[in-house]
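Inspection log for the structure reproduced underneath, given as C-alpha cells.
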Amino acid sequence: MERRTLIAQCTKFYMRQTNLAHNLAGLSSTGFSLCYWRRIDIAALTRQNSLSPLANNHKFRAREMSKMKAIVVHEFGAPEVMKLEEFTTPKAAAGQAVVRIHAAGVNPFDTYMRAGTYAIKPPLPYIPGGEGAGVVDSVGEGVTKFKPGDRVYVGHPITGTYAEYSLALESQLHRLPERTTFSQGAGIYVACGTAYHALYHHANARASETLLVHGASGGVGIAAVQIARAIGMTVIGTAGTDKGLELVRREGAHHAFNHKTAGYTDAILKATNGRGVDVVLEMLANINLAADLKLLARFGRVIVIGSRGDISITPRDLMARTASVRGFVLWGISEADEADVHAGLYAGLDNATIRPVVGKELPLGEAVRAHKEIMETGALGKTILIP
Ligand code: NAP
C-alpha cells in the first residue's frame with residue numbers, strides 16, 4: 001500500500017478513536033496532545049490525573065498518584081531507548097477501564113514504531129504495546145459490559161501494555177475464555193486477529209482450497225494454520241528451522257517446508273501436484289512476492305501481511321492466472337469486521353481450534369531483549385512480556 005494511503009487510512013481510524021477517547025476523558029484539545037495510537041501520550045496522562053476534579057479529594061489523590069512500572073520510550077531509536085521506569089498509574093474516566101496487565105504481547109510493529117520507521121509515530125514519550133491480557137482493575141462511569149475482576153484481553157488500548165496497568169476504552173476490552181491463559185491472551189488480537197481477518201475478510205478462503213502460510217512459525221502464521229485447518233483447508237506452512245517446521249506440523253499443517261532451503265518452492269508446487277495454491281498468506285513479501293505469484297493456481301490470491309522493503313514482480317504471472325495481490329493493515333479494519341473477528345476468536349479459543357502458542361515469556365524489564373530477538377529468525381510462537 002502506498003505510504004500516503006496507509007497514513008490517511010490509519011489517521012482516519014485513529015482520529016475516530018482519539019476523538020472518542022478525548023471526549024470521554026473530558027480534556028480540552030490543548031491539554032490533550034495528538035494520540036494517533038488510540039493512546040494518550042504520557043504527558044497527557046499526567047495532565048489528566050492532575051487536572052481531575054477529584055484531585056482535591058485526598059482519597060482519590062492517593063489513588064491517582066500511585067505508581068506503576070512501565071517501559072517508556074522518550075526518543076525513537078535502537079531497542080535500548082526503552083527504559084523501565086515508574087510512572088503514574090492511569091485512572092479510568094467515563095467509558096474507560098483500567099486493566100491490570102498480566103501479560104503483554106510483543107509484535108514486530110512495536111519495533112518499527114520504537115525505531116520511528118513506522119507510518120504512525122506516537123507522540124513522545126510513550127508506553128509501547130498494542131495488546132495484552134489481564135484483569136479489569138477499575139471502570140469509569142457508564143461502563144456496563146465489564147466490572148473489576150473480569151478476565152480480559154485488550155487490543156490497541158489508550159495507553160500501552162508494556163506496563164503494570166493499561167487504560168482502555170470499554171470497546172477495546174474483550175472477554176478472555178476461562179481456558180485461555182493470560183500469556184496466550186496477550187497474543188490474541190494482533191496475531192490471531194490478523195490471521196482471522198486475512199483468511200475470512202481478505203482471502204475469502206474456502207474449505208476446498210489449498211493455503212500456503214509463508215512464514216507459519218510466528219504468531220500470525222501459527223494462528224492461520226490452526227484456523228485454516230479447522231475450516232477444512234489443505235494447509236502448507238513454511239519455517240526457517242527444524243523446530244519451527246515441527247511446530248507448524250503439530251499445529252495442523254499437512255506439509256511444512258523450510259524457506260531457507262534451496263528449491264523449497266518447487267517442493268511446494270510438487271505437494272499440490274503442480275496445480276498451485278489458491279491462497280498465500282505472506283509474512284515477508286519483500287523477499288517472497290515474486291515467487292508467490294508463480295506458486296498460485298488459477299484465481300489465486302496473495303494476501304500481503306508483512307513486508308520490510310521493495311521487490312520486483314512479473315505482472316504476467318498475475319495475468320496468466322487471473323490472480324490478485326491484496327494487502328492490509330489490521331489498524332484499517334472496519335468496525336463490522338472487527339466485531340466479526342472478536343466473535344470468531346472467542347468461539348475459536350473457547351472450542352480450542354485457536355490455541356495461541358507462547359514461544360517466549362520474559363519479565364517486563366527485558367523488553368530490549370524481546371525487541372532484539374523478535375527480529376531474528378527462529379520464531380516459535382509469540383513473545384510475551386510479564387509485568
Ligand atoms: P513473528 O512471530 O516474528 O514471525 C515471523 C515469521 O516470518 C516467522 O514464521 C518466520 O519464520 C517467518 N520468516 C522469516 N523469514 C522468512 C522468509 N524468508 N520467508 C517467509 N517467512 C519468513 O511475526 P508475526 O507476528 O507472525 O508477524 C509476521 C509479519 O506480519 C511481520 O512482518 C509483522 O510485522 C506482520 N504483521 C502485519 C500485520 C498487519 O496488520 N498487516 C499484523 C500483524 C503482523 P522463521 O523465524 O522460522 O524463519
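We did not get these values from a lab; they are worked out from the coordinates using the rules stated. Computed from a prediction, not measured in an experiment: that's the story for all the values here. Please note: Cβ atoms are built from the backbone with ideal geometry, for glycine as well, and neighbour counts cover all protein chains shown.
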(request) Could you state the orientation-averaged shadow area of the convex hull built on the Cα atoms of the range 190-331, in nm² to one decimal? (result) 7.6
(request) Classify the range 241-316 as rounded, prolate or oblate from the Cα gyration tensor: take a ≥ b ≥ c as the square roots of its eigenvalues, call it rounded if a/c is under 1.5, otherwise prolate when a/b beats b/c and oblate if not. (result) oblate
(request) Once you have a ≥ b ≥ c as the square roots of the Cα gyration tensor eigenvalues for the range 320-360, tell me rounded if a/c is under 1.5, and otherwise prolate or oblate according to whether a/b is larger than b/c. (result) prolate
(message) Only counting other Cβ atoms within 10 Å, I'd like 319, 283, 113, 68 sorted with the fewest neighbours first.
(response) 319, 68, 113, 283
(request) Apply the Kirkwood formula to the range 204-260: the hydrodynamic radius equals the inverse of the mean of 1/r over all pairs of different alpha-carbon atoms; give it in Å with one decimal. (result) 10.6
(message) Given 25 °C and 0.890 mPa s, compute D for the range 61-121 with the Stokes-Einstein relation, Rh being the Kirkwood radius over Cα pairs; round to the nearest whole µm²/s.
(response) 180
(message) At a 10 Å Cβ-Cβ cut-off, how would you order 150, 242, fewest neighbours first?
(response) 242, 150
(request) Could you size up the charge dipole of the range 273-383 around its Cα centre, putting +1 on the beta carbon of Lys and Arg and -1 on that of Asp and Glu, and report it in debye to the nearest 20? (result) 540
(message) Give me, ordered by chain and number, the residues 5 or more places off residue 277 or on other chains with an amide H under 5 Å from its own placed amide H.
(response) 296, 297
(message) Once you place label points 7 Å from the Cα toward the Cβ at residue 181 and residue 275, how far apart are they in nm?
(response) 3.9
(request) Quick one: go through the range 178-195 and flag any residue whose amide nitrogen is under 20 Å from the point 7 Å out along the Cα-to-Cβ line of residue 361. (result) 178-192
(request) Filter the cross-link list 67/121; 147/382; 243/294; 91/147 down to pairs whose alpha-carbon distance in this structure exceeds 24 Å. (result) 67/121; 147/382; 243/294
(request) Express in nm, to one decimal, how much length is gained between residue 76 and residue 351 on full extension, taking 0.36 nm for each residue of separation and deducting their alpha carbon distance. (result) 94.9 nm
(message) Based only on other Cβ atoms within 10 Å, what is the fewest-to-most ordering of 324, 166?
(response) 324, 166
(message) Can you compute 3J(HN,Hα) from phi for each residue in the range 374-386, using the Karplus curve 6.51 cos²θ - 1.76 cosθ + 1.60 with θ = phi - 60°, rounded to whole Hz and x for Gly and Pro?
(response) 5, 8, 8, 7, x, 5, 9, x, 7, 9, 10, 9, 10
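What dipole magnitude, in Debye to the nearest 20, does the range 156-310 give about its Cα centre under +1 on Lys/Arg Cβ and -1 on Asp/Glu Cβ?
About 420 debye.
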(request) Within the range 267-364, list the trypsin sites (Lys or Arg not before Pro) lying in a DSSP loop whose Cβ has at most 16 other Cβ atoms in a 10 Å radius. (result) 275, 308
